[in-house]
Amino acid sequence: MLYGAECWPTKRRHVQQLSVAEMRMLRWFCGHTRRDRVQNEVIRDRVGVAPIEEKLTQHRLRWFGHVQRRPPEAPVRNGVLERVDNVKRGRGRPKLTWDELVKRDLKD
């Protein structure tokens, strides 16, 4: 059994929507509009906020560390780290799984 939204990877489209919404709020917070043509990096430096994509990666890796520290018989560890390998996957491009995304995050 899988627990929470931690088990599904975030789609690229959702990350883009989050970053756009975040920049909109930061611009509003600083009193700038898109018309002022202030770069995103300048606004981020002024406010002192990291990009939302980095925050998502940190959160994923923090959850992975939590799952790793659990005992092997814990239900959260059984649901997230141990997958059934003989399940037939559909045709086409395989879906990105949570553990594949964590491996990519650890590599980066």
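Every read-out reported here was derived from the displayed coordinates using simple, explicitly stated rules and does not represent laboratory data. Since the model is a prediction, treat every value here as computed from it, not as a measurement. Here Cβ is always computed from backbone atoms with ideal geometry, including for glycine, and neighbour counts include all displayed protein chains.
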- Item | Distance (nanometres) between label positions extended 7 Å along Cα→Cβ at L106 and R77 | 1.5 nm
- Residue-span extension gain [L26 to K11] - 0.36 nm each, minus C-alpha spacing: 3.1 nm
- Please list 87-100, 62-75 highest first by mean number of surrounding beta-carbon atoms within 10 Å per residue. 62-75, 87-100
